[in-house]
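For reference, the structure discussed in these notes is given below.
The values are calculated or read from the model by the stated rules, or taken from the named source; none is laboratory data. This one's a predicted model, so the numbers in the text were calculated from it and none came from an experiment. Positions of Cβ are generated from backbone atoms using ideal geometry, with glycine treated the same way; all protein chains shown enter the neighbour counts.
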């Protein structure tokens, strides 16, 4: 679909970005130590850190991805919400307090706190970089996709804008500015999504929302010609000849008689009324001939009760085949185990003063993140029935939902969606910068630096990673990136969690065990993903059947493998007397 | 200083024990949900609560219980270590 650029959205977006960059320069004007750059001096208040957790964690995948998946497929997007939030229980009860006592600046510090091993530092630094890059790519690509309708500029401009803004934020004041950007973003995201949800409930369900007259159930066809033109239903795409927005209620429950709308609904009432309604959903099918690539969008009238249970996206749950079940179980395991293993989340624990603050900030994070994920169900279902969905882009579901209420709200939500990317990307760049400058250059390669030089190395690393992130965001523009975040969770859970858990709970853990677990977890999960049927089909363009891997999500195999390798290697290597760790 | 360190260690041990118990409760709830989704998906259409089906009720319940368990943990750990 074509979009008009919104001057209001541009103004709000520009105000926010300039505001946070200005805040960064103001915070960075004080002299910086390495502890200030990497860990905000350990002086962040637990409440601020808790909201910053939300700002760090709730990326484009959570806001745009989950809302879009629910809008297009129903309940299955909510399964991601449940899995993403469940991971915070692992963080709170298993990781939060112990990790605060270990380590100084980075995740590698924590794992190496008792051993002083170059092998651990190197393996964990590489693992941090790989996870961060896999997480970065969909954020940057998402930023580019948002900029196209918002500013009417090319995808690459959005990527460069977010890359430059984030690099400036991180380089000027490091973790201090990153924390406040994430705090502001987390607060705005939860607050405005709450407002949007109240508006959805107040509007209730409306027959053929967004339209005048009868609903239009004619299929639509978009064609990409070999010479790069776009046709809609056989004619050139213009603002007058464009794809129709979709997503409507076809029939309300019988108790509403001939009424065209339900009026305001209470939260549970909204869900039960939708369950008793019929909804028009749209599916896409592609075929290619000499005229180009044709995507046909076809409507299907579906019962609400079928949309509000699993199976819309994870079709294997309905079919009940073993490999489909294993695939799904593997994904949910990775989401459960992955959160507490993400380096850009773990480094936030170094910004608070002690273990109790780490615990309290995690509780605040769970409240904010959990509340947000409850809202995603209403946002997704509201988008599904708003009559404003773009059938070509599930990522635009949330901003377009806002547009169904007003242009101003569309502007605000679009700007917040963009800054959602800013918050997460700044955390990822911080984690990567620490991995390069502190773990690799200083600790692994043994380059001696004074405090000022450590900060400078961190900043140079941040610039380098910012450039890499921009390049990848442009390179992967047309890539199906919706599962890249899932990949990051698999790699993090397979490489990092076994080492972290066993270090904390099994005294027999050796440095060789940790190094081996991180390396094997990382290589096995990455290898599995690169050889999976999903990658064969969506990346290489090869038939799914050619893949040697039985199911696509590796966690069910590679997470236990990490534990097994650590135990076996630790048992055959000499027990080491751990260094005394002084509480941070 | 020595007593403070001892207290801190005892507090940490108790906090960890509480945390593990609450963690296991959540793991059981999560596994229960996954089990139903994988092996008895038809049960998820049952509407036990205010007209909302089990899929939504259980999913919302998991999110809410995460917060409740977290609060219980925070309250239970208060006063068990010098940091709290």
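Couple of notes before you dig in:
- If only residues of the stretch A:514-551 that are surrounded by fewer than 20 Cβ atoms within 10 Å (Cβ to Cβ), free of Cβ contacts under 8 Å to residues at least 12 places away in the same chain and more than 18 Å from residue A:334 (Cα to Cα) are counted, the one that is farthest from the chain's Cα centre (by Cα) is A:546.
- Test: residue B:18 is modelled with pLDDT of 95 or more, closer than 22 Å to residue A:365 by Cα and out of contact with any strand residue (DSSP E or B) (no Cβ under 6 Å at 6 or more places or on another chain): no
- Among the residues listed as A:96, A:61, the single one being more than 14 Å from chain B (Cβ to nearest Cβ) and crowded, with 24+ Cβ neighbours inside 10 Å: A:61
- Residue A:264 being exposed (fewer than 15 other Cβ atoms within 10 Å of the Cβ) and in contact (Cβ under 8 Å) with a residue 60 or more places away in the chain: yes
- A count restricted to the stretch A:144-187 and to residues that are surrounded by fewer than 24 Cβ atoms within 10 Å (Cβ to Cβ), closer than 22 Å to residue A:409 by Cβ and modelled with pLDDT of 90 or more stands at 1.
- Tallying residues that are closer than 15 Å to residue A:340 by Cα and either surrounded by fewer than 24 Cβ atoms within 10 Å (Cβ to Cβ) or within 8 Å of chain B (Cβ to nearest Cβ) (or both) within the stretch A:355-376 yields 4.
- Being touching a residue at least 24 places away in the same chain (Cβ under 8 Å) and either at positive phi or assigned to a helix (DSSP H, G or I) (or both) is a property that residue A:157 lacks.
- Whichever residue in the stretch B:30-45 is crowded, with 17+ Cβ neighbours inside 10 Å and facing chain A (nearest Cβ under 9 Å) and, among such residues, is farthest from residue B:61 (Cα to Cα): B:38
- Within the stretch A:377-397, restricting attention to residues that are modelled with pLDDT of 90 or more and within 24 Å of residue A:53 (Cβ to Cβ), the residue that is surrounded by the fewest Cβ atoms within 10 Å (Cβ to Cβ) is A:378.
- Residues satisfying the stated conditions in the stretch A:439-466, i.e. part of a helix (DSSP H, G or I), touching a helix residue (DSSP H, G or I) at 6+ places or on another chain (Cβ under 8 Å) and more than 30 Å from residue A:158 (Cα to Cα): A:439, A:440, A:441, A:442, A:443, A:444, A:451, A:454
- Per the listing B:7, B:71, B:49, the residue uniquely at pLDDT below 90, facing chain A (nearest Cβ under 9 Å) and surrounded by fewer than 19 Cβ atoms within 10 Å (Cβ to Cβ) is B:49.
- Verdict on residue A:425 being within 14 Å of another protein chain (Cβ to nearest Cβ) and either assigned to a helix (DSSP H, G or I) or at pLDDT 90 or above (or both): no
- Matching helices (runs of 4 or more DSSP H) fully within the stretch A:235-333 where at least 2 residues are within 14 Å of another protein chain (Cβ to nearest Cβ), within 30 Å of residue A:491 (Cα to Cα) and at pLDDT below 90: A:316-319
- The single condition from (1) modelled with pLDDT under 80; (2) surrounded by 22 or more Cβ atoms within 10 Å (Cβ to Cβ); (3) part of a loop (DSSP other than H, G, I, E, B) that residue A:20 fails is (3).
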